[in-house]
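To keep things clear, I will list the structure first and then write my remarks on it.
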Amino acid sequence: GGQCAFRSLEQTPVLICDGSVVTARSRASRLGDLPDGAVPSWVGQAVLHAQFSPRAPLKLSFFLQPHPASGLPLLPPDCNKLAAATALRLDKVIAYVEERVPSGKPLALFASGKPLAPDMSLGAVRAFVWKSADEMVLQYKQA
């Protein structure tokens, strides 16, 4: 049989993605140069130490509240804490808020003071933006 030839680490491209969103791009040999948090910790544990963590939960809970600068109302108490699949895209969360908050204009979501792309998933926000063990809070305001 034929022999497998592997590329060198310098020639091996690495894309870290969440769904369709590329969160980091590098060469395998340069992964250590990426900013803290760009490479999920489980990747390093698996690659460097052959330690595999259990699967992350498929659902997460989060709060929705108006951005302090928005002037928009709070959601009703029974609508401001949600649990959803980590794969749920933020455009679905925006649609949920827009159905319940009369704004007249499109809304945008923020976490940790940073604007969020509508095609990000809840899991990506949790891993790459929120980065806290506390319950995630998403804020809405007019786009």
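The values are calculated or read from the model by the stated rules, or taken from the named source; none is laboratory data. Only a predicted model underlies this, so the values are computations on that prediction, with no experimental measurement involved. The accessibility values were calculated without ligands, DNA or RNA, using every heavy atom of the protein model including side chains. Shrake-Rupley method; radii C 1.70, N 1.55, O 1.52, S 1.80 Å.
Of the accessible area of the chain, computed with a 1.4 Å probe over protein heavy atoms only, carbon and sulfur atoms account for 57 percent. Would you kindly calculate the translational diffusion coefficient of the stretch 7-51, applying Stokes-Einstein with the Kirkwood radius from alpha carbon pairs, for 4 °C and a viscosity of 1.567 mPa s, and quote it in µm² s⁻¹ without decimals? Taking Rh from Cα pairs, D becomes 116 µm²/s. With coordinates expressed along the principal axes, the C-alpha atoms belonging to the stretch 1-108 extend over 65, 30, 28 Å, beginning with the largest. Shape of the stretch 89-134 from its Cα gyration tensor (a ≥ b ≥ c, root eigenvalues): rounded if a/c is under 1.5, otherwise prolate when a/b > b/c, or oblate? Since a/c reaches 1.5 and a/b is larger than b/c, the shape of the stretch 89-134 is classed as prolate. Accessible surface for the stretch 34-84, divided over its residues, is 72 Å² per residue with a 1.4 Å probe.
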